[in-house]
1. How many of the residues in the range 117-142 are under 17 Å from residue 242 (Cα atoms) and touching a Pro at 6+ places or on another chain (Cβ under 6 Å)?
2. Just give me the residues in the range 143-180 being in a strand (DSSP E or B) and either free of Cβ contacts under 8 Å to residues at least 40 places away in the same chain or within 14 Å of the chain's Cα centre (by Cα) (or both), in sequence order.
3. Mind checking which residues of the range 254-281 are in contact (Cβ under 8 Å) with a residue 12 or more places away in the chain and among the small types (Gly, Ala, Ser)?
4. Any residue at all in the range 307-314 that is among the hydroxyl-bearing types (Ser, Thr, Tyr), part of a helix (DSSP H, G or I) and open to solvent by 80 Å² or more (accessible area, probe 1.4 Å)?
5. Select from the range 184-209 the residues that are crowded, with 19+ Cβ neighbours inside 10 Å, of a type in the set (Gly, Ala, Ser) and over 19 Å from residue 137 (Cα atoms) and list them in ascending order.
6. Of the residues 92, 73, which single one is surrounded by fewer than 16 Cβ atoms within 10 Å (Cβ to Cβ) and either at pLDDT 80 or above or under 24 Å from the mean Cα position of the chain (by Cα) (or both)?
7. For the range 228-269: of the residues being in contact with a Phe, Trp or Tyr (Cβ under 7 Å, 6 or more places away or on another chain) and part of a helix (DSSP H, G or I), which is surrounded by the most Cβ atoms within 10 Å (Cβ to Cβ)?
Amino acid sequence: MSGDRDVPRSRASEADGPVGQPARQPIQSHCLIDIAVGRKIYLTTKEVFAMTVSATHASINLIGNIPHSLDAETVTICTKTGVDYALTSLWERIKDWFFGTNKVTAMTAIHTLATTPSSSAQIDAFLDLLRCVEPEHRDQLKWCAGDSGDPYFMIGDCIVLAAPDWSARGEKPLNVDDMAQMLLRTHHGDESILSAFMRVEMETGHLLRPPRASVEEDDVVFHDLSTKKTYLESSPKLVEALEFVGMNRNGASCDESHALGILVEKAWREAMVGNGKIDEQAIQASSVRMGGMAQDVMVLVTDMFHERLATHRTPMPRREIGQ
């Protein structure tokens, strides 16, 4: 059923109470690595999407009204050292986040993330970087999709823009474990997508139909997801990003979303324990809720994907001449 979530296990722990949403952070300046031109600049988060630079059209006018300019190839060559400097500076700030044996792999992943022209390779590099980071620092790595512009990556306060081929991307095939890791790092605006889903659920719970059990004895519970669907529909760019990493591939039996929820629940638990949380009941309740939110995301993105396909495939009714 579109708009409902299949949860093939108990969700009783949700009654333990809502989990508070993270506090809104003040506007900060961020380091930005521009792949096309290869320079490091600083700007606020709100300015990221307004920043568009293309090496193919770059031109630097020389001082003193001299009728000469540097062509795009020269600009690119001159600014390659800027990329190296930016990456070295970034590494010095974050090198303590990584397991000692993984530092070479992490440095390679950061370089690939910042320089590859391929969106698919960027995702691979981001996942490689995540695997190298100690659990308590993984929340410093984010994949951000706004309401306009292409998604971008954040490593601490450093922003890496999407690869040049994002507009021509296909779909990135990921296994369910990698999908769980990407979903945990996906942010919309200044909050994670999973936190946003929890917030929407808390704010609109009084508008929703109560959960109901399946008529079959299969431990499935249906949840009203209509307000979360409205949230996703308001940000097509976010939905595009989620589809790119495979959130539209849930099957009819919801096995994929169920597996995704279990992995997100496990990862969330590990993160809470790694951050020093010791209240087992609170850890369990929060982890189960996060797993449920992950299932909601995949159920809804898949439903919306198939609804869109059905709309495109439905032929327009014929009209007779004279009508």
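1. 0
2. As a first pass, look at the range 143-180 and keep what is in a strand (DSSP E or B): 143-145, 152-155, 158-160.
Scanning the range 143-180 gives 143, 144, 145, 152, 153, 154, 155, 159, 160.
3. Result: 257, 259, 261, 267, 271, 274.
4. First, the residues of the range 307-314 that are among the hydroxyl-bearing types (Ser, Thr, Tyr): 311, 314.
Now narrow it down to the ones that are part of a helix (DSSP H, G or I): 311.
Filter once more, keeping what is open to solvent by 80 Å² or more (accessible area, probe 1.4 Å): 311.
Looking through the range 307-314, at least one residue is among the hydroxyl-bearing types (Ser, Thr, Tyr), part of a helix (DSSP H, G or I) and open to solvent by 80 Å² or more (accessible area, probe 1.4 Å).
5. If the condition is that a residue be crowded, with 19+ Cβ neighbours inside 10 Å, of a type in the set (Gly, Ala, Ser) and over 19 Å from residue 137 (Cα atoms), then 196 is the only one that fits.
6. Details: 73 fails: either at pLDDT 80 or above or under 24 Å from the mean Cα position of the chain (by Cα) (or both).
Criteria check complete, one pass: 92.
7. Restricting attention to the range 228-269, the residues satisfying the condition of being in contact with a Phe, Trp or Tyr (Cβ under 7 Å, 6 or more places away or on another chain) are 228, 243, 248.
Those left that are additionally part of a helix (DSSP H, G or I): 228, 243.
On the way: 228: 24, 243: 19.
The extreme case among them is 228.
Residue-wise test of (1) among the aliphatic types (A, V, I, L, M); (2) within 18 Å of residue 116 (Cβ to Cβ); (3) touching a helix residue (DSSP H, G or I) at 6+ places or on another chain (Cβ under 8 Å).
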| residue | (1), (2), (3) |
| --- | --- |
| 134 | no, no, yes |
| 140 | no, no, yes |
| 148 | no, no, yes |
| 155 | yes, yes, yes |
| 160 | yes, yes, yes |
| 166 | no, yes, yes |
| 174 | yes, yes, yes |
| 181 | no, no, yes |
| 188 | no, no, yes |
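The values are calculated or read from the model by the stated rules, or taken from the named source; none is laboratory data. What you are looking at is a predicted structure, and each value in this text was computed from that prediction instead of being measured. Please note: Cβ atoms are built from the backbone with ideal geometry, for glycine as well, and neighbour counts cover all protein chains shown. To get the accessible areas, we keep the full protein, side chains included, count just its heavy atoms, and leave off ligands, DNA and RNA. Shrake-Rupley method; radii C 1.70, N 1.55, O 1.52, S 1.80 Å.
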